[in-house]
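Notes follow the structure.
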């Protein structure tokens, strides 16, 4: 689907005065310094650095991966700086500030990709834009939407939910038969999922489509459900949407629907599941409002495959690559999610079993098992009830 | 003729995650797991009490532990890639910092220690076999190339003359420690090998894994002597009884089997759990009765003794 470059949506409220204040004072300070003699001028922009992923904890209150309490560190970017690289970095920050300033003044939403494509040669790489936008948001102490930066929609959803904004129903998914892009959730929005029994978060898009095609969300033994995929590592919109559904499950009076994760039995699948449940190490300051502590692990475990002899062909199980092994070791070593005194001893054990057996398993293996993937999910949801 | 082994208690939830490896001395059983500590249980008391916990031994867990014949030295291999040495005096274990430092950078996944505790053999994730002399500052004295496939298991023959390794592609290799050469090549298994073990008199090599059969080789010729079939899941560990009369095997579906070498038949099967039994080991004989210990994904160590009379 083609994505419009700039969304002409008026921001009615939610404009954060601290953002405009930061931009104004930063630009004003720069102009002031520029007016001084070159020998005295201190032309620089200082950004607060986000916590390193290694120094993080699971917050017991929010159940999210967060920065451990520490003193903030700052990084100063000067013009012309000591190196050509520093000078370029300074101009990148200044340029992005100017773009954000315009977006906020005109009330336009802009995506990180839009910013990059304004001048790809100058910005060099998408990730450079991403990092500076995130650093700016962190420095100002707001989330990215306050900068009018919106992520391009990536995730998909299918199933029966209603999105209520103000007093009217914005989306009634009951009347939507196909899967659709995950809607953007705004402050104050409400999601009604009272008609479903489960929410299944699926790592891979192909698996999602396979289940959506047979309308698994209406045909599951466990009753009606909602299926969501963030197509790999989830973006903010997908996580925001999922969290909104989770909050709505908390508030509803009847027994809440169960939230399950279906990911590959490999280090990436486990890391993606962890991103949904606890948050991402790269955006620690966002995790408290995006984590989904109620998420349960449906699969896939390597032992699930070993225990199902009829699907064990030569290709069913894959050996870990050296990269997989290194990734697992890094996960065990660095993330509190997998720590020995952490919240998920089963996850830790699974990573270690992978190392010992030198094996991983992909969801697609289940297509060939008795009753297919849907039969397996039926049995597994029943077992976890 | 079948034999009976009775449950003689267990150390329940000895670890908080899967127990991957057991090692035995005269009076103790040491276990390592996905948790960071090594647990030491006494096997001389009827209720197998915990006598020592070596905390923080391997931060992200430990997959192999081996002990020399007289129980004075243990070597562990952790998930972090570190090899560590431990020494025992009067039943109390302490870190052997000197030897651990000597072994810094030693690359091995599976490990085996010689009966006298002088040599450590290891096989790497790339399938290389290394031997270190622990009495000479951990100097590497041998470096054997195999065809480069993940080395899942290794054993040193009790007479010290042979090293055997098992690999993910089903290969089994035997090296002479004296010459560093392969005296003969073995017809391996079809599927990954997960355990190799020499008999007490070094005459027989047993190998097993995902093929679900145990293959017995004549260690002097490499000829296959027998195939022991009966497990219906992957075989994860092998252990010979003191006399070499019985072979113990454990599998992924929680089954433990005892095989008679005289009849080449299974004489006992135990299934107390449906979870993987990562390690099963014979215990020292008490009088004339033999017993064994098992541990794995159910996080407990279970003890069995032969039923007498």
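With the cut-off at 1.5 for a/c, could you classify the stretch A:156-384 from its C-alpha gyration tensor as rounded, prolate or oblate?
oblate
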With 10 Å bins from 0: P(r) over the stretch A:17-147, alpha-carbon pairs, percent: 11, 37, 35, 15, 2, 0
Residue B:72/residue B:285 FRET efficiency (R0 22 Å; Cβ-Cβ; nearest 0.05): 0.60
Among A:253, A:335, A:291: highest mean-square fluctuation, GNM of chain A, C-alpha pairs under 10 Å: A:253
Cα centroid separation - the stretch B:43-65 against the stretch A:134-158, whole Å: 48 Å
Taking the C-alpha atoms of the stretch B:235-291, convex hull volume expressed per residue in Å³: 76 Å³
Tail fraction, Cα-Cα pairs, the stretch B:5-306, threshold 34 Å, whole percent: 13 percent
Per-residue average of Cβ from other chains inside 10 Å of A:203-212: 0
Computed over chain A: relative contact order in percent, which uses C-alpha pairs under 8 Å that are six or more apart: 15 percent
Interatomic Cα distance distribution for chain A, bins of 20 angstrom, percent: 25, 53, 20, 2
Anisotropy class of the stretch A:250-385 from Cα gyration tensor, a/c 1.5 cut: oblate
Averaged over A:344-354, number of beta-carbon atoms from partner chains that fall within 10 Å: 5
Separation in nanometres of the label points that stand 7 Å from Cα toward Cβ, at residue A:206 and residue B:7: 4.5 nm
Hull volume in cubic angstrom per residue (convex hull over the Cα atoms of the stretch B:77-213): 122 Å³
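Defining a contact as two alpha carbons under 8 Å apart and six or more residues distant in sequence, what relative contact order in percent does the stretch A:226-333 show?
26 percent
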Within a Gaussian network of chain A (alpha carbon springs, distance under 10 Å), most fluctuating of A:76, A:154, A:277: A:76
If the convex hull is drawn through the Cα atoms of the protein assembly as shown, its volume per residue in Å³: 196 Å³
Sequence of B:168, B:82, B:145 once ranked by neighbouring C-beta atoms within 10 Å, starting from the fewest: B:145, B:82, B:168
Euclidean distance of C-alpha centroids, the stretch B:200-257 and the stretch B:95-122, integer Å: 25 Å
Least to most buried among A:217, B:58 (fewest other Cβ within 10 Å first): A:217, B:58
Residue order, fewest to most surrounding Cβ atoms within 10 angstrom, among A:207, B:40: A:207, B:40
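Suppose a student asked you for the relative contact order of the stretch A:17-147, using Cα pairs under 8 Å spaced at least 6 residues apart; what percent would you report?
25 percent
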Spacing of the two label points (7 Å from each Cα toward its C-beta) at residue A:82 and residue A:181, in nm: 4.4 nm
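Readers should treat all values here as calculations from the given coordinates under stated rules, not as data from a laboratory. Bear in mind the structure is a predicted one, so any value in this text is a computation, not a measurement. Note: ideal-geometry Cβ built from the backbone for every residue, glycine included; neighbour counts use all protein chains shown.
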